[in-house]
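Asker: Structure in structure tokens, see below.
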Amino acid sequence: MADYRSLMAVSEAMVKLLQSNYRPEDFNNELEFKVFTSKDFSENTIANGVSIFPYRVYVNGANRYPSGGVDINGRKIKNKLPVEVHCLVTVWGLNASLQNTLVGWVMRVFEDNPVLPANLLNSVVANVFSQEETVEITFAELSTEDMFRIWDVLGLNVYQLSVPYLLRIINIDSIQPPLTEAGDPVQIRDYTFEQEVVPGETVY
């Protein structure tokens, strides 16, 4: 399973995916791709490009296993923490034509690459995900009212064209070391003792 850096790695992997599919000649503009926090919207330095803003992380209860289980060797199984990330993908452009072109291109790139493989997820920081792990990119359900509420919270007076996405499922591994290795005894006690032998007495 992935470690605690996985949420950072997933956002950066989305940026890497867009960068790898970007050809400047298709847009007649130099584009930038960045991961945003809320304050970056008010301090935005992107004239033309795309921002990815993770705004909600929650646990996927359907894929969560309770802690306390043991495997066939009696070793305690670490419970995984399966999370999903909601993010807002926003396009920035100095004119409407570029913004509309960008949003269509972004949606097509993510539609053509709906699964982020481990080599891309580990491209920023190595060994965050195991080689068999992947993360799915899919459209998120977000009402117009909720969309505008996000922009109100961001404190901006002007709405910027955006598309909501959901990243699933990211299994975060435990950082606690195992108590014992499989098959290793926790404690060994020596119950041997010496019996005092009295002369002429038979010992059984």
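Asker: Can you name the residue in the stretch 142-168 that is small (Gly, Ala, Ser) and loosely packed, with under 13 Cβ neighbours inside 10 Å and, of all such residues, is nearest to residue 87 (Cα to Cα)? Step through it out loud before you land on a result.
Answerer: Initial filter on the stretch 142-168 (small (Gly, Ala, Ser)): 143, 155, 162.
If we keep only those that are loosely packed, with under 13 Cβ neighbours inside 10 Å as well, we get 143, 155.
Details: 143: 14, 155: 18 Å.
Taking the candidates together, the pick is 143.
Asker: Among (1) modelled with pLDDT of 85 or more; (2) over 26 Å from the mean Cα position of the chain (by Cα); (3) in a loop (DSSP other than H, G, I, E, B); (4) not β-branched (Val, Ile, Thr), which single condition is residue 141 missing?
Answerer: Of (1) modelled with pLDDT of 85 or more; (2) over 26 Å from the mean Cα position of the chain (by Cα); (3) in a loop (DSSP other than H, G, I, E, B); (4) not β-branched (Val, Ile, Thr), only one is false for residue 141: (2).
Asker: Can you pull out the residues in the stretch 44-74 that are at pLDDT 85 or above and more than 22 Å from the chain's Cα centre (by Cα)?
Answerer: Let us first name the residues in the stretch 44-74 that are at pLDDT 85 or above, namely 46-59.
The answer is 46, 47, 48, 49.
Asker: Suppose we filter the stretch 85-115 for residues that are touching a residue at least 24 places away in the same chain (Cβ under 8 Å), assigned to a helix (DSSP H, G or I) and more than 22 Å from the chain's Cα centre (by Cα); how many remain?
Answerer: Qualifying residue count, the stretch 85-115: 7.
Asker: In the stretch 90-118, how many residues are in contact with a helix residue (DSSP H, G or I) (Cβ under 6 Å, 6 or more places away or on another chain) and β-branched (Val, Ile, Thr)?
Answerer: 2
Asker: Go through (1) in contact with a Ser or Thr (Cβ under 6 Å, 6 or more places away or on another chain); (2) of a type outside the set (S, T, N, Q); (3) buried (at least 16 other Cβ atoms within 10 Å of the Cβ) one by one and return the number of the condition residue 115 breaks.
Answerer: (3)
Asker: For the stretch 172-194, indicate whether the set of residues that are aliphatic (A, V, I, L, M), at pLDDT 95 or above and assigned to a strand (DSSP E or B) is non-empty. I'd like the intermediate steps shown before the answer.
Answerer: Just the residues of the stretch 172-194 that are aliphatic (A, V, I, L, M), to begin with: 172, 175, 179, 182, 186, 188.
Retained after the next criterion (residues that are at pLDDT 95 or above): none.
No, the stretch 172-194 has no match at all.
Asker: In addition: Which of the residues belonging to the stretch 33-54 are among the hydrophobic types (A, V, I, L, M, F, W, C) and in a helix (DSSP H, G or I)?
Answerer: As a first pass, look at the stretch 33-54 and keep what is among the hydrophobic types (A, V, I, L, M, F, W, C): 33, 35-36, 41, 46-47, 50, 52-53.
Within the stretch 33-54, 41 is the sole residue that qualifies.
Asker: The conditions are (1) surrounded by 16 or more Cβ atoms within 10 Å (Cβ to Cβ); (2) touching a Phe, Trp or Tyr at 6+ places or on another chain (Cβ under 8 Å); (3) modelled with pLDDT of 90 or more, and residue 80 fails exactly one of them. Which is it?
Answerer: With (1) surrounded by 16 or more Cβ atoms within 10 Å (Cβ to Cβ); (2) touching a Phe, Trp or Tyr at 6+ places or on another chain (Cβ under 8 Å); (3) modelled with pLDDT of 90 or more applied to residue 80, the lone miss is (3).
Asker: List the pairs whose first member sits in the stretch 118-141 and is at negative phi and surrounded by 13 or more Cβ atoms within 10 Å (Cβ to Cβ), whose second member is part of a helix (DSSP H, G or I) and basic (Lys, Arg), and whose Cβ atoms are under 6 Å apart, counting only residues at least 6 apart or on separate chains?
Answerer: 123/16
The values are calculated or read from the model by the stated rules, or taken from the named source; none is laboratory data. Everything numeric here is computed off the predicted structure, so don't read it as measured data. Virtual Cβ from ideal backbone geometry, glycine too; neighbours counted across all protein chains shown.
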